[in-house]
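Notes follow the structure.
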Amino acid sequence: MREYQIDNLIAISGSFVIVLTITLLVLRSWRRAFEAQHELRRQIIDKMTPEEITRIVSGADGARAVEALTGGGESGPSGAIGRGVILLLIGGGLGVAAAMSHLPLVGVAGMIAFASGLGQLVIAVLMKRERQA
């Protein structure tokens, strides 16, 4: 192998290890946060009496209160929008990195992330439109 090929291989491998490590750390912290939220919701629901639950559900914002207690809001359009924006930013960053380092594989990864972000945004729009109908 030529020297520049070895340098590119080292750069790609190092970048992959760094991205993988950061991804695992972020996923681990998200998992802990979601587990803590789930436990808090479970404890709140366990301490409520049937009368309190009936009063909350029959109130003006009963559907929103139930959604907040059960955690149904995270899978809605706002979650898809957040994921879409993050994927768009990652795709753009990888595209810039590919242009600066002349590494086409990083550019391909950026295009995949960008396309995934656009897909998430389309899903968010469709979900929002469906809920309003």
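The values are calculated or read from the model by the stated rules, or taken from the named source; none is laboratory data. Given the structure is predicted, the values throughout are model-derived calculations rather than measurements. Note that each Cβ is placed from the backbone with ideal geometry, even for glycine, and that neighbours are counted across all protein chains shown. Only protein heavy atoms, including side chains, enter the accessible area calculation; ligands, DNA and RNA are left aside. Shrake-Rupley method; radii C 1.70, N 1.55, O 1.52, S 1.80 Å.
Using beta carbons and a limit of 8 Å, which pairs, at least six apart or on different chains, have the first residue in region 32-48 and basic (K, R) and the second one outside any helix (DSSP H, G or I) and surrounded by 10 or more Cβ atoms within 10 Å (Cβ to Cβ)?
So the pair list comes out as R41/G71.
Of the conditions (1) open to solvent by 50 Å² or more (accessible area, probe 1.4 Å); (2) within 23 Å of N8 (Cβ to Cβ); (3) in contact (Cβ under 8 Å) with a residue 40 or more places away in the chain, R131 clears all except one; give me its number.
If we test R131 against (1) open to solvent by 50 Å² or more (accessible area, probe 1.4 Å); (2) within 23 Å of N8 (Cβ to Cβ); (3) in contact (Cβ under 8 Å) with a residue 40 or more places away in the chain, just (2) comes out false.
Does A36 satisfy being closer than 27 Å to I10 by Cα, of a type outside the set (D, E) and at pLDDT 85 or above?
Considered against the rule, which asks whether it is closer than 27 Å to I10 by Cα, of a type outside the set (D, E) and at pLDDT 85 or above, A36 comes out as no.
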